[in-house]
Amino acid sequence: MGKTPVKMRAVVYALSPFQQKVMTGLWKDLPGKIHHKVSENWLNATLLLAPLVGVYGYVQHYEEKEKMEHRY
């Protein structure tokens with residue numbers, strides 16, 4: 001039994017210079033993607049955000065204390 005040759009069609013992907021929607025997939029359903037990533041990695045997100053929120057709160061308190069220092 002011999003094999004018969006089959007013609008293959010090549011698939012060529014190219015970006016049109018007039019319509020390039022390369023980044024649309026990144027912005028599509030962005031809140032859903034963020035929610036999925038945070039719910040999937042909530043421990044890492046907590047360990048990242050807790051020190052940032054703590055430092056921000058400390059700086060705000062320190063600045064307010066510096067502003068009010070002249071009143072005493």
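The values are calculated or read from the model by the stated rules, or taken from the named source; none is laboratory data. Not measured: the values here are computed from a predicted model. FYI the Cβ positions are ideal-geometry reconstructions off the backbone, even for glycines, and counts take in every protein chain you see.
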Answer from His61, His36 - the residue that is surrounded by 10 or more Cβ atoms within 10 Å (Cβ to Cβ), part of a helix (DSSP H, G or I) and over 17 Å from the mean Cα position of the chain (by Cα): His61
Residue identified as of a type outside the set (Lys, Arg), over 32 Å from the mean Cα position of the chain (by Cα) and assigned to a loop (DSSP other than H, G, I, E, B) among Val6, Val12: Val6
Selection status of Ala50, at pLDDT below 90 and aliphatic (A, V, I, L, M): no
